[in-house]
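What follows is a single structure, written as structure tokens, with notes after it.
The values are calculated or read from the model by the stated rules, or taken from the named source; none is laboratory data. Every value quoted in this text rests on a predicted model; they were computed, and no experiment measured them. Heads up, the Cβs are rebuilt from the backbone with ideal geometry, glycines too, and the neighbour counts pull from every protein chain shown.
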Amino acid sequence: MFSLKLELKLNNKEKTKMAQHAGFSRFVYNYGLALMRMIDHQEIKGSSSKKIDTIKKVFTNYTKKQPDFNWCNKLSSRVYQNSFGDLKTAYSRHFQGLGGLPVFKSKKDKLSFTVDSSNGKVLLETGKTIKVPTLGTFRLKEAIPFSCISQTFTICKSGDRWFISFCVDAQRLPPRIHPIIEPIGIDLGCKIFATLSDGNVIESPRPYKKAKTKLGMTQYHNRNKQLGNGKQGIKASNNAKKYYHKIRKQHHQIACQRKDFLQQTTTKLCKTYAHIKIESLNVKGMMANHKLAASIADLGMYEFKRQLTYKAEWYANRIDVINQWYPSSKKCSNCGHKKEKLSLSDRLYVCGECGFEINRDLNASINLEQAPESVIVEKIGWVTSELTSVDSVSAFGAGGSRK
Ligand SMILES: [Zn+2]
């Protein structure tokens, strides 16, 4: 079993609904716990599980029917069923010596609750919406990566964002999530966004380049414009206002394009390649190099890595991060000879030892692909050494976030 966690895209009404259910869940948990403590005080015999079942009956048949508790009936009954379940788990953990006695949940605790489908597992189709049993259909920030089945859903709030998580049976995973399971090295560059060791290249999108040129031109033509100056009593001219509005719009457009590009690229990479090897980014160091700084900031290499990292969980990828000092660009991918000097302008790598000629970025990506275990500084996602066959589904269950 492993779990998927996706961010929900909720409107205010939906957010309120979620918060109400989380409150309901906390209320029921505390109600059950209060009665359990009373029972324990009177030294009544019986297992805690049986006692909680009895309390649940009292809640269903009596408490919930009181006029004061009318509000409970407007909310999903699966929430309180699960809250009692949670209480049972808390007690059984305690008796197994895994934790202290359960404590009351406070309003300061993280908002969360669980619902399940009372008539078995439900099918979740790939796509940007999710149908949650008894609650309805909600939009997702990013799509469910593959069709799967699940029965229990936990919704929680983190910061201002709401997430839904559910368990997926590893045996039920589509057997071929990734068409390619051999490791792939990815070299990030300024001229070409990413070069893959299998020869594929990802260029930054053309409209993006065009928009950048356009922005540069507009900025140049209006280099003397000033949007007023309060201190000097200079009012902004109408043309200046128009110009700044235009610039803002163009900046926004570029930001959107970059976002789309990165999302699409990282999703595609994660869906295609099971095992990705990238260089650890010394963003600060690279930013110090002025030539590189602009393009790195532009292309969002940092953002690229961040997205790759969190998508690795969803798409069951393994990502190896290679030490930034590993000489991926200086080494010859053919004979292993290491060049002393390599300037940024050398687009072609020519080995002085074996005479091998290769595109510089491709050489670096092949070196990343072949990087030995000793230079891997971080392993992200599905860290399992048994990930050798696409058809052996069980290998996917061997790593990742177990439940
Ligand atoms: Zn060589």
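Couple of notes before you dig in:
- Pair list, Cβ under 8 Å, 6 or more apart: the stretch 306-335 residue polar (S, T, N, Q), other residue within 16 Å of the ligand (Cβ to nearest atom) and at pLDDT below 85: 329/342
- Matching residues in the stretch 181-234 - criterion: being over 28 Å from residue 368 (Cα atoms) and in a loop (DSSP other than H, G, I, E, B): 222, 223, 224, 225, 226, 227, 228, 230, 231, 232, 233
- Single condition residue 313 does not satisfy, out of (1) at pLDDT below 80; (2) closer than 20 Å to residue 192 by Cα: (2)
- Picking from residues in the stretch 34-82 that are among the aliphatic types (A, V, I, L, M) and in contact with a helix residue (DSSP H, G or I) (Cβ under 6 Å, 6 or more places away or on another chain), the one that is nearest to residue 152 (Cα to Cα) is 79.
- If the condition is being within 16 Å of the ligand (Cβ to nearest atom) and either outside the structural domain of residue 319 (by TED's automatic domain parsing) or in a loop (DSSP other than H, G, I, E, B) (or both), then the stretch 359-374 contributes only 370.
- The residue pairs whose first member lies in the stretch 221-235 and is surrounded by 10 or more Cβ atoms within 10 Å (Cβ to Cβ), whose second member is in a strand (DSSP E or B), and whose beta carbons are closer than 8 Å, counting only pairs six or more residues apart or on different chains, are 226/234; 228/234.
- Screening residue 143 on (1) surrounded by fewer than 15 Cβ atoms within 10 Å (Cβ to Cβ); (2) touching a Gly at 6+ places or on another chain (Cβ under 7 Å) shows it passes everything except condition (1).
- Hey, residue 275 under 30 Å from residue 5 (Cα atoms) and either assigned by TED's automatic domain parsing to the domain that holds residue 223 or modelled with pLDDT of 85 or more (or both) or not: yes
- Where strands (runs of 3 or more DSSP E) fall wholly inside the stretch 66-162, the ranges with 1 or more residues that are touching a Ser or Thr at 6+ places or on another chain (Cβ under 6 Å) and modelled with pLDDT of 90 or more are 112-116, 127-132, 136-144, 152-158.
The rows are residues; the columns are (1) farther than 26 Å from residue 258 by Cα; (2) more than 16 Å from the ligand (Cβ to nearest atom); (3) not basic (Lys, Arg); (4) not assigned by TED's automatic domain parsing to the domain that holds residue 144.
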residue: 301; (1), (2), (3), (4): no, yes, yes, yes
residue: 309; (1), (2), (3), (4): no, yes, yes, yes
residue: 315; (1), (2), (3), (4): no, yes, yes, yes
residue: 319; (1), (2), (3), (4): no, yes, yes, yes
residue: 325; (1), (2), (3), (4): yes, yes, yes, yes
residue: 341; (1), (2), (3), (4): yes, no, no, yes
residue: 344; (1), (2), (3), (4): no, yes, yes, yes
residue: 349; (1), (2), (3), (4): yes, no, yes, yes
residue: 357; (1), (2), (3), (4): yes, no, yes, yes
